[in-house]
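Accompanying notes for the structure given below.
Any read-out appearing in this document is the output of simple, stated calculations on the displayed coordinates, not a laboratory observation. Values in this document were obtained by computation on a predicted structure and should not be read as measured data. All Cβ positions, even for glycine, are placed from backbone atoms using ideal geometry, and neighbour counts span all protein chains on display.
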Amino acid sequence: MTDTEFQQLRTVADYQFGAGAGTALFPPGDCDGLTVRRSTGGRPRQILADGQRLVSYRTDGRFTLGVAGGQRLQSLDAPANRVVVADESEPFVRDRKNVFAKFVRESDPGLRSRDEVLVVHERGDLLAVGRAELPAVGMADFDSGVAVKVREGVPADE
């Protein structure tokens, strides 16, 4: 993959996740260590590091996060792209169960529904990555309903 293509991926990440996300996901010196799986048309579909999926590139031009990508995005200042839960949710979220609004302790105030998010424990551990089903204000106000549809959980032993 050329430097120009990686710069384009960084730009998409900065737009989607906020300033600095492109560099966090795709560090400048790390481009050679990344594997790119392409569609039959040549468009990047998945970007992997050490065999683990960082992101998938959707046809609408946005990314879906993998756990490895979520771990890299944790370097951004909290609460960016985060939904915080406590002990009662931890085992379920790690097991890829959805996060319900009543268990959300706090979230990035800028979250909108359909945004890619990191689900983290109050102590800061990454538990899962997924898609917000509610905006941040809905997560705070609602006592029922799915707040985050979990795509991939982080096993407890990692």
Karplus 3J(HN,Hα) series, Hz, for region 81-97 with 6.51 cos²θ - 1.76 cosθ + 1.60 (x for Gly, Pro): 6, 10, 10, 9, 10, 10, 3, 5, 8, 3, x, 6, 5, 4, 8, 6, 8
Between 0 and 90°, nearest 10: helix 3-17 axis offset from the chain longest Cα axis: 10 degrees
Net charge, Ser89 excluded, C-beta distance under 11 Å - Lys, Arg +1, Asp, Glu -1: -1
Computed P(r) (all Cα pairs; region 7-61; 10 Å bins; percent): 24, 58, 18, 0
Under-5 Å amide H pairs with Arg53, H placed in peptide plane, nonlocal only: Ala68
Rel. contact order, % - alpha carbon contacts under 8 angstrom, at least six apart, the chain: 18 percent
Overall dimensions of region 107-158 as given by Cα atoms, namely Rg and Dmax in Å: 11.2, 33
Candidates per chymotrypsin sites (Phe, Trp or Tyr not before Pro) in region 69-158, loop by DSSP, up to 16 other Cβ within 10 Å: Phe142
Dipole of region 30-107 [Lys/Arg +1, Asp/Glu -1 at C-beta], most positive-end residue of Phe103, Ile47, Gly33: Ile47
Distribution of pairwise C-alpha distances over region 1-139, 5 Å bins, in %: 2, 10, 21, 23, 18, 13, 8, 4, 1, 0
Debye, to nearest 20: dipole size of the chain, +1 on Lys, Arg Cβ, -1 on Asp, Glu Cβ: 700 debye
Positive-pole candidate from Thr2, Gln16, Gly138, dipole of the chain, charges at beta carbon: Thr2
Cβ-based net charge around Thr59, under 12 Å, with every Lys or Arg adding one and every Asp or Glu removing one: +3
The chain: calculated mean residue ellipticity at 222 nm from DSSP helix runs of at least 4, using -39500 (n - 2.57): -6500 deg cm²/dmol
